[in-house]
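Below: one structure, written as structure tokens.
Derivation of every value follows stated rules applied to the coordinates shown; laboratory data play no part. Given the structure is predicted, the values throughout are model-derived calculations rather than measurements. For neighbour counting, all protein chains shown are included, and Cβ atoms are generated from backbone atoms with ideal geometry for every residue, glycine included.
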Amino acid sequence: MWWQAFIDGFVQGFARSHPLAVPPSELAWLLGIAAALCVVPFLWRFFGRFVTIVHELGHAFAGLATGMRVTGITLRLDQGGTTRGVGRGRAVWFGFWGYPSPAVVGAALAWASAAGWGRAALSVSLVLLVLVFLFIRNLAGVLILSGAILAVAVIVVAVPPDIQGHLTLAVGLALVLGAARDWWNVVMVHTARRRELGSSDAYNLARRTGVPSAVWLFTFAAVIALAGVASWAVLAGAVVTVGS
């Protein structure tokens, strides 16, 4: 039965497999897939919503880590989202970890894949996405999150185990690129679409702290760039493994 296959794939996914060995030709394919998810409008329409989920989870985990109580997450069909929290947590830390989070998660997925934990990363991601249902507060959010859960579940059940790690690596790279695309979008909000400033984390952080928005945009970019460098180092190591 399909549910038995799902349970078996889910449970077995927590075991470590062999570290990834990525030939240069496959590396080109992985980078192409990651770029397509973030550049092709039709694909970005769906993958961009997954990036938004990770963005909002970045806020949520940052808030929980500093003692805040997350009261709800809203996901919108226009790829926007909002995370609300109350308590004595560090509001600046909570506000910061939105745009950089997809890049950091992407680098973590790239490392997990290269180290042989790609399947485990999928199983852990599936658990986390299901738990997010506890915080969703709108119908669009339920639909978007359900789609993300379904996509990950299909990979766990239907994709051969030796390919799952490669797909996890591609998704990790796409998250890094998606974070860069979202960062550029918020830069455009500050320069060309200023009527949308209320949706910018950098603008809201500037209002709260008095530190200019440009500084926050730069720090977002620095974290995203570091995640990109880390991901590239992981890729380089995997390719070297093939030639050794």
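Normalised by residue count, segment 85-211 yields a Cα convex hull volume of 137 Å³ per residue.
Label-to-label distance, residue 69 versus residue 92, with points set 7 angstrom from Cα along the beta-carbon direction: 2.6 nm. Across segment 17-23, computed HN-Hα scalar couplings (Karplus, 6.51 cos²θ - 1.76 cosθ + 1.60, θ = phi - 60°) run 10, 5, x, 5, 10, 10, x Hz from first to last residue, x flagging Gly and Pro. The phi-based Karplus calculation (6.51 cos²θ - 1.76 cosθ + 1.60; θ = phi - 60°) puts the 3J(HN,Hα) values of segment 215-229 at 5, 5, 4, 5, 5, 4, 4, 5, 5, 4, 5, 4, 5, x, 4 Hz, whole numbers, x for Gly and Pro. Summing Lys and Arg as +1 and Asp and Glu as -1 over all other residues whose Cβ lies under 15 Å from the Cβ of residue 60 gives a net charge of +2. In this structure the amide hydrogen of residue 85, modeled in the peptide plane, comes within under 5 Å of the amide hydrogens of 71, none closer than 5 places in sequence on its chain. Under 5 Å from the amide H of residue 115 lie the amide H atoms of 20, each residue being 5 or more positions distant or on a separate chain, with H modelled from the backbone and absent for Pro and chain starts.
When segment 98-213 is described by a simple charge dipole with +1 on each Lys and Arg Cβ and -1 on each Asp and Glu Cβ, the residue from 210, 103, 180 located farthest towards its positive end is 210.
Taking other residues whose beta carbon is less than 10 angstrom from the beta carbon of residue 144, and scoring Lys, Arg as +1 and Asp, Glu as -1, yields +2. When the helices of the chain are scored as -39500 (n - 2.57) per DSSP H run of n ≥ 4 and the total is divided over every residue, the value at 222 nm lands at -24500 deg cm²/dmol. In a Debye calculation with equal point scatterers on the alpha-carbon sites of segment 9-72 and no solvent, what is log10 I(q)/I(0) at q = 0.20 Å⁻¹? Here log10 of I(q) over I(0) equals -0.95. Projecting the Cα atoms of 199, 164, 131 onto the dipole axis of the chain, where Lys and Arg carry +1 and Asp and Glu carry -1 at the beta carbon, places 199 farthest toward the positive end.
If you take the beta carbon distance between residue 208 and residue 25 as r and set R0 to 41 Å, what does 1/(1 + (r/R0)^6) give as a FRET efficiency, to the nearest 0.05? Write down the numbers at each step before the final one.
Values: r = 48 Å, r/R0 = 1.18.
Result of the calculation: an efficiency of 0.25.
Calculated over the chain, the projected area of the Cα convex hull averaged across directions stands at 13.7 nm². Label positions at residue 11 and residue 194, each projected 7 Å from the Cα along the C-beta direction, are separated by 6.0 nm.
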